[in-house]
Amino acid sequence: MSILSDIAASLQRGEDDEVASLVRQALDDGQDAVAILHGGLIAGMGVVGEQFREREIFLPDVLLAARAMYAGLALLKPLLAKDGVPTAGTVVIGSVRGDLHDIGKNLVGIMLAGAGFDVVDLGSDVAPERFVDAACDHGASVIGLSALLTTTMPVMKDVVELVRARGLQDRIKIIVGGAAVSDAWARQIGADAYGYDAASAVERVRALARTPA
Amino acid sequence: MKDLRTRLAAGEVLVGDGAWGTLLMARGVRPGEAPESLNLTQAGVIEEIASLYVEAGADLITTNTFGGSPARLRQFGLDGQTEAVNRAAVEAVRRAAKGRAYASASVGPSGHLMKPYGDADPVDIGAGYERQIRALAEAGADLVCIETMTDLAEAVLAVRAARSVAPDLPVMATMTFETTRRGFFTVMGVSVEQAVRGLSDAGADILGSNCGNGSVTMVAIAREFRALTGLPIAIQPNAGLPEPLDGRLVYPETPEFMAEQARGLLAAGVAVIGGCCGTTPAHVRALRGIVSAMRS
């Protein structure tokens, strides 16, 4: 077994110290940071996302795996930045204005980071203007909106409309998600995509980020 | 009013109330406001909603304190008013009930993940529940309703807090399950069996499930509870999952549909039947009808 698959396996077990030391060891062995990122961390988180989607594992397992992923990512990030390695893209995420629920949104953030995206997490109760401003400031091509409450879901539409009002709809795509959010809702408010769960959100964001501006 | 435990022991089925959040929003709560703040600012509205459910035939009226733990109120800068917020909610329900229904003191999740998965310290969460439940009990709550739990450790903290600060009150504890290929689990990975064991050991008097994806699934969940415990079972489903309609969201299960599923719940031996998100006084009236018809 290669050290990269060891990293992926240890990430899946949520062993943060072990992931960090294996990443260090791989770097010392002369492995490329990009290879460690993809073959170790992203590969491991991909499996975690898939297992969580099938509920073979549950939220606690994902959160421990995420901690391990960030432990490895912290070591790789400076090297990737120094080498000017492009990330998978930048995504701005947050729970919409009036909604303080953030567990689902955090989970999507974890999975996006685990898929190699730069994630700008604005937190919860985020005003539409802040989403759009942050997307412009960080050069994000995708905004991810989360809402748990049926009463806050309509705010998602305000963000969609603000992006259009500023003429940014070709540069910034919007994906929505949350317990009561559906594909039909996404279409109705004019969002570009719907993430049924964290794993499918990552797939959809990948597709949106690939869409040529 | 007769003692709640006596009625359940005699095999009586009690009817719970329905959703509060949607009715509060319809009366002007704005997203981003703490629904619990209305207990202080618009007690009349709280009393009105409670009255609607009393008139619909509910035996248990939930207090507007789902987010009344200091951990949740802190998000709105209201944790300093924990006692006042919880007290006012019980008082409003008692005014509406006039002895015809029990004040069921709602206690929801703290909204924080506990260590090692999150940052919250279990000691703080437990102390917060004690503070909330003490205020609810002192104001005259008839039972403690710990609901929508997904983390068994947190639910157990809440049950223990109730046992400790309100030892005389019955404790109802319900968790929210998802359907997986391997059966029903909460998002935190708690099975029905683990829930039954953990909540019973902590001292809950009534166990069960609330929220979730609708009343059909709940019949299966109720059967699983029944097979595992002799304690009374409480089931309070959502009216399905909300569906978009003309830019609005509507819950698909009608009162008639839910009442039909209630027959399955009764057959499974459920002792408390009510509603969660998306249910209305009309749903409660329909449930009341089925339960009363069974009794006669």
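Every number here is computed from the coordinates shown, using simple stated rules; none is lab data. As the structure is a computational prediction, the values presented were derived from the model and not from experiment. As a convention, Cβ positions derive from the backbone with ideal geometry for all residues, glycine included, and neighbour counts pool all protein chains shown.
With the radius of gyration and the Kirkwood radius both derived from the Cα set of chain A, what is their ratio Rg to Rh?
That ratio is 0.99, to two decimals.
When the dipole is taken about the Cα centre of the protein assembly as shown, and only Lys, Arg (+1) and Asp, Glu (-1) are charged at their Cβ, what size is it in debye, to the nearest 20?
Rounded to the nearest 20 debye, it is 1120 debye.
Which value in nm describes the separation of the simple spin-label points at B:Arg100 and B:Ala127, placed 7 Å from the Cα toward the beta carbon?
Rounded to a tenth, the inter-label distance reads 4.3 nm.
Would you mind ranking B:Ser104, A:Ser200 so that the residue whose beta carbon has the fewest other beta carbons within 10 Å leads the list?
A:Ser200, B:Ser104
Amide H of B:Thr62 versus every other amide H placed in the peptide plane: which residues, excluding those fewer than 5 positions away on the same chain, fall under 5 Å?
It is B:Asp17, B:Ser104, by chain and number.
Note down the relative contact order for the stretch B:209-277 as a percent, whole number, built from C-alpha pairs under 8 angstrom at least six residues apart.
Normalised by residue count, the contact order of the stretch B:209-277 is 43 percent.
Per the Kirkwood formula on distinct C-alpha pairs, the Rh of the stretch A:90-210 is how many angstrom?
This gives a value of 13.5 Å.
Please compute, over every Cα-Cα pair in the stretch A:48-148, the percentage with a separation greater than 18 angstrom.
Summing the P(r) of the stretch A:48-148 above 18 Å gives 53 percent of all pairs.
Before rounding to the nearest 500, sum -39500 (n - 2.57) across all DSSP H runs of length at least 4 in chain A and divide by the residue total; then give [θ] at 222 nm in deg cm²/dmol.
Helices in chain A give a 222 nm mean residue ellipticity of -16500 deg cm²/dmol.
Sum up the charges of everything whose Cβ sits under 15 Å from the Cβ of A:Pro60, counting Lys and Arg as +1 and Asp and Glu as -1, but leave A:Pro60 out.
Net charge in that neighbourhood comes out at -4.
Which order results if B:Val15, A:Val132 are arranged by neighbouring Cβ count within 10 Å, fewest first?
Ordered from fewest to most neighbouring Cβ atoms within 10 Å, B:Val15, A:Val132 come out as A:Val132, B:Val15.
Skipping prolines and chain starts, which residues have an amide H placed within reach, meaning under 5 Å, of the one on A:Ile93, given they are 5 or more residues away or on another chain?
Here the answer is A:Val120, A:Asp121, A:Leu122, A:Gly144, since their amide H atoms fall under 5 Å of that of A:Ile93.
Tell me what chain B gives for mean residue ellipticity at 222 nm when only DSSP H runs of n ≥ 4 count, each as -39,500 (n - 2.57), the sum divided by the residue total, rounded to 500 deg cm²/dmol.
-14000 deg cm²/dmol
How large is ³J(HN,Hα), in whole Hz, for each residue of the stretch A:58-67 in order, when computed from phi with the Karplus curve 6.51 cos²θ - 1.76 cosθ + 1.60 and θ = phi - 60°, using x for Gly and Pro?
So the Karplus estimates, Gly and Pro as x, are 10, 3, x, 5, 5, 5, 5, 5, 5, 4 Hz.
So what are the stretch A:89-150's ellipsoid semi-axes, whole angstrom, largest first, if each one is the square root of 5 times an eigenvalue of the alpha-carbon gyration tensor?
Semi-axes, largest first: 18, 15, 7 Å.
Quick one, what does Rg over Rh come out to for the stretch B:4-295 if you take C-alpha atoms and the Kirkwood Rh?
The Rg/Rh ratio comes out at 0.93.
Step through the residues of the stretch B:285-295 one at a time and calculate ³J(HN,Hα) from phi using the Karplus curve (6.51 cos²θ - 1.76 cosθ + 1.60, θ = phi - 60°), rounding each to whole Hz and writing x for Gly and Pro.
Karplus-based 3J(HN,Hα) across the stretch B:285-295 equals 4, 5, 5, 4, x, 5, 5, 5, 5, 5, 5 Hz.
Could you pull out every one of the lysines with an alpha carbon less than 19 Å from that of B:Lys98, ignoring same-chain neighbours closer than 8 positions?
Partners within reach: B:Lys2.
Just flag the GluC sites (Glu not before Pro) in the stretch A:45-119 sitting in loop per DSSP whose Cβ has no more than 14 other Cβ atoms within 10 Å.
Counting only loop positions with at most 14 other Cβ atoms within 10 Å, the GluC sites (Glu not before Pro) in the stretch A:45-119 are A:Glu54, A:Glu56.
On a straight-distance basis, which aspartates and glutamates could pair with A:Lys173 in a cross-link, Cα separation under 19 angstrom, same-chain partners fewer than 8 positions away excluded?
Answer for A:Lys173, where 19 Å is the Cα cut-off: A:Asp118, A:Asp121, A:Glu129, A:Asp133, A:Asp137, A:Asp158, A:Glu161, A:Asp183, A:Asp192, A:Asp197, A:Glu203, listed by chain and number.
So what's the convex hull volume per residue for the Cα atoms of the stretch A:158-213, in Å³?
Expressed per residue, the convex hull around the Cα atoms of the stretch A:158-213 is 66 Å³.
With all distinct Cα pairs included, what does the Kirkwood hydrodynamic radius of the protein assembly as shown come out to in Å, to one decimal, could you say?
It works out to 23.9 Å.
Once both axes come from the Cα atoms, what is the angle between helix A:3-12 and the longest principal axis of chain A, in degrees from 0 to 90, rounded to 10?
50 degrees
Just to confirm my numbers, what's the Cα centroid distance between the stretch A:5-53 and the stretch B:141-211 in Å?
Rounded to whole Å, the Cα centres lie 36 Å apart.
As a footprinting exposure proxy, order B:Met172, B:Met294, B:Met188, A:Met153 by other Cβ within 10 Å, with the fewest listed first.
B:Met294, B:Met188, A:Met153, B:Met172
Against the longest alpha carbon principal axis of chain A, how many degrees, from 0 to 90 and to the nearest 10, is the axis of helix A:128-138 turned?
For A:128-138 against chain A, the angle is about 40 degrees.
Where does the charge balance sit around B:Cys211 when Lys and Arg score +1, Asp and Glu -1, over other residues with C-beta under 12 Å from its C-beta?
-2
Please work out whether the stretch B:49-188 counts as rounded, prolate or oblate from its C-alpha gyration tensor, where a ≥ b ≥ c are the square roots of the eigenvalues and a/c under 1.5 means rounded, while otherwise a/b larger than b/c means prolate and anything else oblate?
oblate
Give me the net charge for the shell around B:Ala267: Cβ to Cβ below 15 angstrom, other residues only, Lys and Arg +1, Asp and Glu -1.
Once all neighbours under 15 Å are counted, the net charge is +2.
Per-residue HN-Hα couplings for the stretch B:104-118, Karplus 6.51 cos²θ - 1.76 cosθ + 1.60 at θ = phi - 60°, whole Hz, x for Gly and Pro?
Per-residue couplings from phi come out as 9, 7, 6, 10, x, x, 5, x, 10, 7, 8, 4, x, 8, x Hz.
In Å, what Rg and Dmax follow from the Cα atoms of the stretch A:3-82?
According to the Cα coordinates of the stretch A:3-82, Rg and Dmax are 11.9, 38 Å.
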